[in-house]
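> Structure below; questions to follow.
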Amino acid sequence: MRHLLSTLCALLAALLAAAALAGGQIDQLLREEEPVREIAGDLPAQEPFGEAVVGLLAEELTGQDVDALPSGVRDAVSGVAGSLLQEDRTLQAWDETLQTTREGVDAELDRLFHEGGTGSPQDLDITLDLSPVAAAMTEPLRDGLDGILGWLPFLDESSFDALAPEVVVDLDALAEDGVDPYPWATAAEAARHWPMIAGAAVVLGALALLIGAGRGRWAALTLAGLVAVVAGIWMALTVASPDMTPHQPVPEAVAVLLDHVEGRFTDWAQPAWWVFSAAGGAAVVIGLLGAAATGARGRRSVGHDPLHRV
């Protein structure tokens, strides 16, 4: 009975440890600024993204696709926009967009968890607000026009706001048809409690070692280590390295964003799971060595027993 309880506690400890690591990563992504900044903060430096943003701005300002503009104008606009994307004010605006989007996703998941949903992907209303980036990119032009024409009595500071249009991209198209987003909301809510989950894993692991006796204790540790190895490898190759190919047509800027984030997210999330698997492997080795040592001590004890009969 002790061996069974020890094994159950060890297996639960391994599963809870994996849940705590996943919860910690989800909590960081949704509620801390740095992970999102690390994953997508330097995206404006990517030329394809800059071109896509220029396209969105041109469409908002001229009402037509940037490809419809004369080639000379298009090249000039792209060149100027590319340099503007590297300005500090634009990078700060992009960080504002990232943090606003992160907070919006967290708020939407929280709303969905508490209010429930219909089971449709459209239950999540997620947008990417590029308006701060547009405002930062057009700020020099607006300031210049205001300096030249601001003296006119019928013009004021807001007269050139049309050059800083609202650019909001709907991300609902990223959701896969037929997938209920409510489990995502549940996972996001559970992630708030990852320290408690980690604590429970530690307590159960300690109980497994205390309850177990002899080789049974080490067998429990070995099984828990195997579970951790399998869970870590599976998470590293699936959840931590997701395929972010959109399931429906999306604006080019979003496609470039997803392609960039896919690689950076994997670089951010995957190493922790490889370390988790390695820790599980170490537990397996320790368990096997402990079992072997316990068996050897038992044999020596029997061999030295003067009452032992062969």
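> Return the residue satisfying two criteria in turn: it lies in the range 1-45 and is over 17 Å from V105 (Cβ atoms) and open to solvent by 70 Å² or more (accessible area, probe 1.4 Å), and of such residues it is nearest to the chain's Cα centre (by Cα).
Looking at residues that are over 17 Å from V105 (Cβ atoms) and open to solvent by 70 Å² or more (accessible area, probe 1.4 Å), I get L15.
> Here is a further query. Out of R102, R111, R142, which single residue is open to solvent by less than 30 Å² (accessible area, probe 1.4 Å) and either farther than 27 Å from A187 by Cβ or at pLDDT 60 or above (or both)?
Checking each option against the conditions leaves just R102.
> When you go through (1) at pLDDT below 75; (2) farther than 30 Å from L12 by Cα one by one for G298, which number turns out not to apply?
If we test G298 against (1) at pLDDT below 75; (2) farther than 30 Å from L12 by Cα, just (2) comes out false.
> Here is a follow-up. Which pairs have Cβ atoms under 8 Å, sit 6 or more apart or on different chains, and link a residue in the range 23-47 that is closer than 23 Å to P195 by Cβ and among the hydrophobic types (A, V, I, L, M, F, W, C) to one that is open to solvent by less than 20 Å² (accessible area, probe 1.4 Å) and modelled with pLDDT of 90 or more?
I26/A188; I26/A191; L29/P35; L30/L109; L30/A188; L30/A191; V36/L98; V36/Q99
> Okay, next question. If I filter the range 280-294 for residues that are modelled with pLDDT under 90, of a type in the set (V, I, T), open to solvent by less than 80 Å² (accessible area, probe 1.4 Å) and not in a helix (DSSP H, G or I), do I get at least one hit?
The answer is no, given that none of the residues of the range 280-294 is modelled with pLDDT under 90, of a type in the set (V, I, T), open to solvent by less than 80 Å² (accessible area, probe 1.4 Å) and not in a helix (DSSP H, G or I).
> Would you please name the residue that is modelled with the highest pLDDT, looking only at residues in the range 250-269 that are part of a helix (DSSP H, G or I) and β-branched (V, I, T)?
T266
> So which helices (runs of 4 or more DSSP H) stay within the range 177-244 end to end and still have 2 or more residues that are among the β-branched types (V, I, T) and buried (at least 17 other Cβ atoms within 10 Å of the Cβ)?
By residue number, 194-211, 215-237.
> Can you run down the residue pairs with Cβ atoms below 7 Å, 6 or more apart or on separate chains, where the first is in the range 211-231 and under 20 Å from A18 (Cα atoms) and without any contact (Cβ under 8 Å) to a residue 60 or more places away in the chain and the partner is of a type in the set (A, V, I, L, M) and open to solvent by less than 40 Å² (accessible area, probe 1.4 Å)?
L226/V284; V229/V284
> Okay, next question. Which one of these is at pLDDT 60 or above, part of a helix (DSSP H, G or I) and open to solvent by less than 30 Å² (accessible area, probe 1.4 Å): A136, A81?
Among A136, A81, only A136 is at pLDDT 60 or above, part of a helix (DSSP H, G or I) and open to solvent by less than 30 Å² (accessible area, probe 1.4 Å).
> Among the candidates L174, L210, which residue alone is under 18 Å from the mean Cα position of the chain (by Cα) and either at pLDDT below 75 or within 30 Å of L288 (Cβ to Cβ) (or both)?
Result of the check over L174, L210: L174.
> Residues in the range 249-257: is at least one farther than 17 Å from T127 by Cα and hydrophobic (A, V, I, L, M, F, W, C)?
For the range 249-257, residues farther than 17 Å from T127 by Cα and hydrophobic (A, V, I, L, M, F, W, C): absent.
> Hey, among the residues in the range 257-279 that are aliphatic (A, V, I, L, M) and open to solvent by less than 30 Å² (accessible area, probe 1.4 Å), which one's nearest to A19 (Cα to Cα)?
This residue is A269.
The values are calculated or read from the model by the stated rules, or taken from the named source; none is laboratory data. On a predicted model such as this, the values are computed, not experimentally measured, just so you know. Using ideal geometry, Cβ is built from the backbone for each residue, glycine included, and neighbour counts are taken over all protein chains shown. Surface areas here come from the heavy atoms of the whole protein model, side chains and all, with no ligands, DNA or RNA. Shrake-Rupley method; radii C 1.70, N 1.55, O 1.52, S 1.80 Å.
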